[in-house]
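Contents: one structure, followed by commentary.
Any read-out appearing in this document is the output of simple, stated calculations on the displayed coordinates, not a laboratory observation. Since the model is a prediction, treat every value here as computed from it, not as a measurement. Cβ: placed from backbone, ideal geometry, glycine included. Neighbour counts: every protein chain shown.
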Amino acid sequence: MPEESGSQHRPELRVLVSEADIRQHVARLAEAVARDHPPGEPLCVVAVMKGALVFLADLVRHLPVPLEIELVNVRSYCGVRRRRRVEILDDVAVLPLRGRHVLLVDCVLDSGRTLAALRREMAAHATASLKTCVLLSKARRRKRALRPDYVGVEIPDVFVVGYGLDYRDRWRHLPYVAALPPTWASEQEPHDR
Ligand code: 5GP
Ligand code: MG
């Protein structure tokens, strides 16, 4: 594992999805998206920040279609806890969505609230099509009836970091997806609040 500067205690991270597995999932997802996409039409890829940062960069480099990238900043979590409300920090109304084929991209789908909130806002903008693509899915936790069009891999109901995903802005840079020990997370939280 990469060395880290700073003296913060580092818990044992358990690799859930390796770099090699991620590469395969991304290639397969890109292939499926490209297969369904109307030839010649531009694709508008809208990525949920910051979690989808690394996934976006890999996915678009595998997509053999003309595309544009838009970013939406969203806050869904505080540490390992879900916020009461999903906060969409950017104005979705200014995105050039009208008449466009849109692919909404996030790294992980958990309760479904984040993508459901974004879809709801985007649906008002008369897109030509609106599909969703996630690398990781925790299906057991789904509260919204949101079925993503493209899913990389199902993972258990654990808090994960790496490949763009953070715990309080740490570990986004890890090239794999790893689980935080649940006991460690709950020990940290009371002091962090
Ligand atoms: P949902 O709204 O579907 O419950 O959660 C999706 C959002 O919550 C993602 O955009 C991501 O930012 C965050 N999230 C969900 N599960 C995890 C996780 O295990 N680790 C991290 N770091 N973020 C998560
Ligand atoms: Mg986060």
(message) Report the Cα centroid-to-centroid distance between segment 146-191 and segment 108-130 in angstrom, as an integer.
(response) 22 Å
(request) Count the net charge of all other residues whose Cβ sits under 14 Å from the Cβ of G164, scoring Lys and Arg as +1 and Asp and Glu as -1. (result) -2
(request) Under 1.5 on a/c is rounded, so check that first for segment 52-118, then, if it is not, pick prolate when a/b is larger than b/c and oblate when it is not; a ≥ b ≥ c are the square roots of the alpha carbon gyration tensor eigenvalues. (result) oblate
(message) Taking 0.36 nm per residue of sequence separation and subtracting the Cα-Cα distance, how much length would be gained by fully extending the chain between D169 and E41, in nm to one decimal?
(response) 42.4 nm
(request) With an 8 Å cut-off on Cα pairs and a minimum separation of 6 or more residues, tell me the relative contact order of the chain in percent. (result) 25 percent
(message) What does the charge count around A47 come to, taking other residues whose C-beta lies under 13 Å from its C-beta (Lys +1, Arg +1, Asp -1, Glu -1)?
(response) -4
(request) Kindly give the semi-axes, whole Å and largest first, of the ellipsoid equivalent to segment 107-182, taking each as the square root of 5 times a Cα gyration tensor eigenvalue. (result) 25, 14, 11
(request) Calculate the spin-label point distance for A126 paired with V15, positioning each point 7 Å from the Cα along the beta-carbon direction, and give it in nanometres. (result) 5.0 nm
(request) Could you work out which residue, out of G164, G99, G51, moves most in a Gaussian network model of the chain, that is, has the largest mean-square fluctuation with Cα springs under 10 Å? (result) G99
(request) Select from segment 10-111 those trypsin sites (Lys or Arg not before Pro) which occupy a DSSP coil region and have at most 15 other Cβ atoms within 10 Å, ordered by residue number. (result) R98
(message) Nearest 10 degrees is fine. How inclined is helix 182-192 to the longest principal axis of the chain, computing both from alpha carbons?
(response) 90 degrees
(request) Starting from the Cα gyration tensor of segment 1-116, take the square roots of the eigenvalues, sort them a ≥ b ≥ c, and report rounded, prolate or oblate (rounded when a/c is under 1.5, otherwise prolate if a/b is larger than b/c, else oblate). (result) oblate
(request) Apply 1/(1 + (r/R0)^6) to the Cβ-Cβ distance of D149 and S186, taking R0 = 30 Å, and write down the FRET efficiency to the nearest 0.05. (result) 0.30
(request) Specify the angular offset, from 0 to 90 degrees and rounded to the nearest 10, of the alpha carbon long axis of helix 19-36 from the longest principal axis of the alpha carbons in the chain. (result) 20 degrees
